[in-house]
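Bear in mind these aren't lab numbers, they're just calculated from the coordinates by the rules spelled out. Bear in mind that the values here come from a model prediction, so they are computed numbers and not experimental data. Cβ placement follows ideal geometry from the backbone for every residue including glycine, while neighbour counts extend to all protein chains displayed.
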């Protein structure tokens, strides 16, 4: 098992002044595994991501990173203002350590080659996330760290984007760390959930976590039910071609069972 | 042409050349008010330079850097929004500068010249300083172009891809401080930010990529400097404000080429009128 280990963070603690953001957090990331990091706003998710990326040194604890590890990262937020005339193609080509000849093929793979000459400011949330993913994939990463890739993306694009991430994992065998609020979308193909509230309150298989008392206390009973529903019926979730998908938050078994016609 | 006019033109061109690409970063990173705060503190720098007997440009650049670092330290506390904090710093620095000037009896300076520029009065050494700073700015921006673009798009992503984020941020502050120091002679500390922002804003309407926006901004800056100085000489107008008005004219006209292109396309796209 050790040879698949990419990052191993042990008992990591980080404080800002008196405010302890992370307390004794341990996370392992392995090749071929999709790990989803969940937690409320301000639970320390972004800080943990920065520790794993090596941007913040933890005050206590150790972070092992496999020597020479190739990392792909998509940030939560990119400034894409109308004031900068930057096309999607130019944005992806700004990555200096990548082969520019690969850009077209990579954009084709994630399905945004048609938007090559579109200004960054004019892309939809889903297209922007695909562009970021393409950029991250340019150097064949062994580990993808995706910070809230589904935030600000409409529901249909969310499940397609999520499917794309799962496909990338299948094809390349890379490890994936996904930070997400959209639990009902990501649970289907997640191997392991880490629920963070300054400390790791529970970790394990999605269904086990959904039933864990600390998880229920944080996210409520309803979400656990929704997740279980989706883990059971996940083959339906991707299939809507413009079919009305159930509105998030009001999902009922009846609405879901309409499925593809 | 008179030698003083030639010197003014050459000096102002050096500043406009560097202000083009640097101004693009000020626009992209929303640093306009930050630049204004530095410019308002320049008077303190002028006095510093005169009192200890060094070139005023060095005094101004030094003061700007101190103010910028002070702002960065205060900003971390996040008690006030950025613009409010910058507003406090800008106007406090200008007020301190004016009071310090009144108290320095031995110093006799042309206040209007520092507030609104006196490019027609620059000497050969001033001209040399302007070209050194202008060329240095262009070379540094060219070498660090893609890193600075990544810094502007996402600091986290830039850091992961190996950009020294802290150093690059400091670099931009340093370049802006230096430009304020030399640009003050051209349009004055009250108008210097306009030399950064207006050509870049006009170029935005004409450009299709970040680098073309930078080049067009430089070109618009040079055109404005030429037009402004010509108008100043022809009608005896104050040079600095005339340059800024010329740049503003470019900004107002800059959306036109895109409109004209759109208009040319329209006839075929227009649906047939009903009856």
Quiz item: Using alpha carbon centroids, what distance separates region A:1-44 and region B:198-235, in Å?
Solution: 50 Å
Quiz item: In degrees between 0 and 90, to the nearest 10, how far off the longest principal axis of chain B does helix B:82-103 point, with axes built from Cα atoms?
Solution: 40 degrees
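So how do A:7, B:52, A:145 line up by other beta-carbon neighbours within 10 Å, fewest first?
Values: A:7 22, B:52 9, A:145 25.
With the fewest neighbours first, A:7, B:52, A:145 line up as B:52, A:7, A:145.
Which of rounded, prolate or oblate describes chain B when judged by the alpha-carbon gyration tensor and an a/c cut-off of 1.5? Walk me through the numbers before you get to the answer.
Details: a/c = 1.91, a/b = 1.30, b/c = 1.47.
Cα axes put chain B in the oblate bin.
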Quiz item: Picking from B:161, B:147, B:75, which is most flexible by a Gaussian network model of chain B using Cα springs under 10 Å?
Solution: B:161
Quiz item: Taking region A:80-140 as the region of interest, what is the percent of Cα-Cα pairs per 5 angstrom bin, listed from the shortest bin to the one with the maximum distance?
Solution: 4, 22, 34, 25, 12, 3, 0
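Let me make sure I get this right: for region B:167-226, a, b and c are the square roots of the gyration tensor eigenvalues over alpha carbons, sorted descending. Under 1.5 in a/c it's rounded, otherwise prolate if a/b > b/c, else oblate. Which is it? Walk me through the numbers on the way to the answer.
Working: a/c = 2.46, a/b = 1.19, b/c = 2.07.
Verdict is oblate for region B:167-226.
Would you calculate the volume per residue, in Å³, of the smallest convex hull containing every Cα atom of region A:29-183?
Numbers: hull volume 19.7 nm³, N = 155.
In region A:29-183, the Cα hull volume divided by residue count equals 127 Å³.
So how do B:235, B:28 line up by other beta-carbon neighbours within 10 Å, fewest first? Please report the intermediate quantities before stating the final value.
On the way: B:235 8, B:28 21.
Going from least to most buried by this count: B:235, B:28.
Based on the Cα atoms of region B:1-125, what semi-axes does the equivalent ellipsoid have, where each is the square root of 5 times one gyration tensor eigenvalue, given in whole Å with the largest first? Provide the component values of the computation, followed by the final result.
Values: eigenvalues 151, 89, 25 Å².
Sorted largest first and rounded, they come to 27, 21, 11 Å.
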Practice problem: Let me know the Kirkwood hydrodynamic radius for region B:1-74, please, with Cα pairs as the basis and the value in Å to one decimal. | Solution: 14.0 Å
Quiz item: For chain B, modelled as a Gaussian network with Cα springs under 10 Å, which listed residue fluctuates most, B:256, B:127, B:141?
Solution: B:256
Quiz item: In degrees from 0 to 90, rounded to the nearest 10, what is the angle of the helix B:256-269 Cα long axis to the longest principal axis of chain B?
Solution: 10 degrees
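Can you show me the helix-derived [θ] at 222 nm for the protein assembly as shown, built from DSSP H runs with n ≥ 4 at -39,500 (n - 2.57) apiece and divided by the number of residues, rounded to the nearest 500.
One gets -18500 deg cm²/dmol as the mean residue ellipticity at 222 nm.
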Quiz item: With no solvent and one point on each alpha carbon, what is the Debye value of log10 I(q)/I(0) for the protein assembly as shown at q = 0.06, 0.07 Å⁻¹?
Solution: -0.40, -0.53
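Order by neighbour count: A:165, B:245, B:125, fewest other Cβ atoms within 10 Å first, most last.
Sorted ascending by nearby Cβ count, the order is B:125, B:245, A:165.
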Quiz item: Which angle between 0 and 90 degrees, to the nearest 10, do you get for helix B:192-204 versus the longest principal axis of chain B when only C-alpha atoms count?
Solution: 10 degrees
Self-check item: Shape category assigned to region B:143-275 from the gyration tensor of Cα positions, a/c cut at 1.5
Solution: oblate
